[in-house]
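What follows is a set of notes on a single structure, which appears directly below.
No value in this document is a laboratory result; all are computed from the given coordinates. Since this is a predicted model, take the numbers as computed values, not measurements. No Cβ is skipped: glycine too gets one built from the backbone with ideal geometry, and neighbour counts run over all protein chains shown.
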Amino acid sequence: MATSAPQVKQSEGLITSQNQLEIVKQWGDSFNNLIATQQVSLTPKEREFGMSIITNLTDRCIQSGIKASELNMTNFLEQVKHCSKLQLSINEQELFLDIRNDKNTGLKTVKISRQYQGEEKLMMRYSTKKIVRFKKDIVCKGDIFETEEDFDLGLTRITKHIKNLDIDRNKFENIEQAYYIAYVEEYGKLVPYTVIVDKNRLVRARNAAQTQNVWNSDCKKMCLKSCAHEFWSFFKPYINFPVGLQESLVATEDEMNWDVSGEANPNKTYDIDEKDEVVIDDSAESSLEGKEKDTSENDFVEVETKVETKDIWYSEYKDNKDKYEPVDRPDGSPAYNEGTKKILVKLK
């Protein structure tokens, strides 16, 4: 019998380093009440995965000055439960917290998405084939890239890839393909299972993104992520997931939008006004599929401050010091975050 999730206790003020432990405890108690009410059995290790997600959310709120009372926590703990059952780690970038403004409620929604690092872990854990390792990369203009078809095994092999190091390999116009390989031990040797994504498909993935910020800041990683989604679909027939995890797999799915027109799938219902999404950490590993947005250099991500600010990689700031000005974070900490290697800036 389905049971309603217990309400998450909220605090009215900002989450700070001083009250963080108290709020983590409050949300942790609500999480424990949820799994107890639903009679879900989690091991101590699985509970640790859940508490790491809760702690990460408070870290993100501290970083961007978000109040606990501004978060719509509906279904958040349900998502934490599913990620805990899958034993996916937010600290190892196997998950991403996507936080957006919801104009319907005036609050911020929290969605936990499974990343390709998490999918690699799941494939290695539940694959019927013995995966030894993965390899992934992009192919750029001027690269020497050769493939051949292995008709005995029915697989494509990459036989040569010599990189052109004289161009910027993180610019979308220079990227032509991306590939993803799982080396599987079979027939007494390592057999490469390979997926290659061409430029046309990468263009469709980029055009379908509801914000271009992530693609502009770390294009290579987004191309690899697009390729990873294709590989996950390709390799899925070889994965034997336990029945008890099927619901959790669906709940944490981070679907890549391949819509040819570059707009959101018209058959999909979007519950929030996606022109005003909030991304607390504009990580290159974040997944933000949906409608195409304005790609001008002034398209900053709103973070609920009095000036429009943007969390960017420090290397990007160094190359654009004439355009950006560092600003202190809402909690009073310096603009540059040593842990994330990012710096909070505004346009001059």
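Rounded to the nearest Hz, the phi-derived 3J(HN,Hα) couplings of segment 133-138 under the Karplus curve 6.51 cos²θ - 1.76 cosθ + 1.60 (θ = phi - 60°) are 6, 10, 9, 8, 6, 10, where x marks glycine and proline. Spin-label model, residue 18 to residue 164: label points 7 Å out along the Cα-to-beta-carbon direction sit 5.7 nm apart.
The residues packed around residue 124, meaning those with a beta-carbon under 11 Å from its beta-carbon, carry a net charge of +3 if Lys and Arg are +1 and Asp and Glu are -1. Toward the positive end of the charge dipole of segment 52-101, with +1 on the Cβ of Lys and Arg and -1 on the Cβ of Asp and Glu, the farthest Cα among 97, 55, 71 is that of 71. Overall, segment 63-190 carries a charge dipole of about 620 debye about its Cα centre when +1 sits on the Cβ of Lys and Arg and -1 on the Cβ of Asp and Glu, all other atoms neutral. Here the relative contact order of segment 23-85, from alpha carbon pairs under 8 Å that lie six or more residues apart, stands at 51 percent.
Residue by residue, segment 151-164 carries 3J(HN,Hα) couplings of 6, 5, 9, x, 10, 8, 10, 8, 9, 7, 8, 10, 7, 8 Hz when phi is fed to the Karplus relation 6.51 cos²θ - 1.76 cosθ + 1.60 (θ = phi - 60°); x denotes Gly or Pro.
Other residues within the sphere of radius under 11 Å centred on the Cβ of residue 137, judged by their own Cβ, net out at +4 (K and R +1, D and E -1).
Which is farthest toward the positive dipole end of segment 76-160 among 115, 88, 159, measuring Cα position about the Cα centre, with Cβ charges +1 (Lys, Arg) and -1 (Asp, Glu)? Value computed over the given set: 88.
Protection proxy ranking of 90-97, 163-170, by the mean of other Cβ atoms within 10 Å over each peptide's residues and highest first, is 90-97, 163-170.
Computed about its Cα centre, the charge dipole of segment 118-242 is approximately 480 debye, with only Lys, Arg, Asp and Glu carrying charge at their Cβ.
Using the Cβ-Cβ distance between residue 173 and residue 253 with R0 = 41 Å, the FRET efficiency computed as 1/(1 + (r/R0)^6) comes to roughly 0.85. If you sort the three axes of the alpha carbon gyration tensor as a ≥ b ≥ c, you get a/c of 1.5 or more for segment 106-196 and a/b no higher than b/c, which makes it oblate.
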